[in-house]
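Only one structure is covered here, and it is reproduced in the block below.
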Amino acid sequence: MKYLANPTETKAVLDYFGFDTKKKFGQNFLIDENIVRKIVAGAGVMKDDGVLEIGPGIGTMTQILCESARSVTAVEIDKTLMPVLETTLSAFDNVHVINDDILKCNIKELSEEFNSGEPFKVVANLPYYITTPIIMGLLEGPAGEGLVDSITVMIQKEVADRINAKPATKDYGALTLAVEYYSRIVKVADVSAHCFMPRPNVDSTVIKLELYKDKAVKVKDEKFLFKLIKAAFAQRRKTMVNSVSAVTDISKDDIRKALTEIGKDENVRGETLSLEEFAKLSDIFSLRTVL
Ligand code: SAM
């Protein structure tokens, strides 16, 4: 079989179908077979796995996923790619291509229909314009319902840096803490812009999120924890006392007391607090107040 993950084959397929890549769908196709194999290996895809691929494009990574997994469910928003995928994936009987927007898909139904209700391994070269909504949508929804057991994705290096950031750095923020709450983060590879057609303006990184069965920290009120985190980073130069009192009924005095209770200075800024510290504060406040 001819693999598509090289410039010659990709160009041949695009020319044959008269297909022009669409910027609005973030279409940057992979043209480096080593990278594709690295992503699939990094995802730990095994013969008995059901994979959910987001945005198969012309089927470049799908081919290798089909060879490696039991089945592949591939969700692609672009209707004009359907005839392309029918051709490029014709050698495989373990692939289901769905023409839909991943943000509107019911993953439970996909799992029941195509993966015997088992959790998917999600693998994707994500469209950059919706990286964060896709990752957060999976973590807050299907992952929590046991429908996803890992998420291996190529994303902009800059977003990967934000996900991987340490407290008190400029990249550290609500996204870092949200991803950390749900998963263990493993960096798989950095990928140069040369590995795509057309070439994007940014470099990319592949990360794997291994979902925890329980969350990284245990809190009494998960919604409250995230309200606190959001408040802390809404204006990151503000002290915790000012950020939290601006969006809750908690008095400045109570906030100061809670900070002292967790061993922090009363002028501390949220951007320096770890997930564990946010969790401790969240529990102290949830006991004392109603938001
Ligand atoms: N997997 C292919 C590859 O690696 O060559 C294509 C990756 S390309 C970066 C992103 C793909 O996601 C495109 O095929 C694009 O049409 C598709 N896409 C964009 N938005 C989508 C959405 N909301 N739901 C499903 N697919 C989407």
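Of the candidates 152, 132, 176, the single residue that is in contact with a helix residue (DSSP H, G or I) (Cβ under 8 Å, 6 or more places away or on another chain), under 27 Å from residue 7 (Cα atoms) and modelled with pLDDT of 95 or more is 152. Residues that are in a strand (DSSP E or B) and farther than 17 Å from residue 144 by Cα within the stretch 105-128 comprise 123, 124, 125, listed in sequence order. Sub-6 Å Cβ pairs linking a first residue in the stretch 118-130 that is over 16 Å from residue 26 (Cα atoms) to a second residue that is within 14 Å of the ligand (Cβ to nearest atom) and hydroxyl-bearing (Ser, Thr, Tyr), at least 6 apart or interchain, are 123/152, ordered by first then second residue.
Within the stretch 53-72, being crowded, with 24+ Cβ neighbours inside 10 Å and among the β-branched types (Val, Ile, Thr) holds for 58, 60, 62, 72. For the stretch 25-55, which positions are without any contact (Cβ under 8 Å) to a residue 60 or more places away in the chain and not in a loop (DSSP other than H, G, I, E, B)? Result: 33, 34, 36, 37, 41.
Whether any residue in the stretch 161-181 is within 20 Å of the chain's Cα centre (by Cα) and within 14 Å of the ligand (Cβ to nearest atom) is what I want to check. Scanning the stretch 161-181 turns up no residue that is within 20 Å of the chain's Cα centre (by Cα) and within 14 Å of the ligand (Cβ to nearest atom). Is it the case that some residue within the stretch 220-239 is hydroxyl-bearing (Ser, Thr, Tyr) and modelled with pLDDT under 95? No, the conditions are met nowhere in the stretch 220-239.
All told, residue 92 falls short of being touching a residue at least 12 places away in the same chain (Cβ under 8 Å), within 16 Å of the ligand (Cβ to nearest atom) and surrounded by 17 or more Cβ atoms within 10 Å (Cβ to Cβ). For the stretch 172-183, state whether one or more residues are out of contact with any Cys (no Cβ under 6 Å at 6 or more places or on another chain) and without any contact (Cβ under 8 Å) to a residue 24 or more places away in the chain. Taking every residue of the stretch 172-183 in turn, at least one turns out to be out of contact with any Cys (no Cβ under 6 Å at 6 or more places or on another chain) and without any contact (Cβ under 8 Å) to a residue 24 or more places away in the chain. Filtering 84, 75 for residues that are within 11 Å of the ligand (Cβ to nearest atom), modelled with pLDDT of 95 or more, of a type in the set (Val, Ile, Thr) and in a strand (DSSP E or B) leaves a single hit, 75.
The values are calculated or read from the model by the stated rules, or taken from the named source; none is laboratory data. This structure is a prediction, so every number in the text was calculated from the model and none was measured. Every residue, glycine as well, gets a Cβ built from its backbone with ideal geometry; the counts of neighbours run over all protein chains shown.
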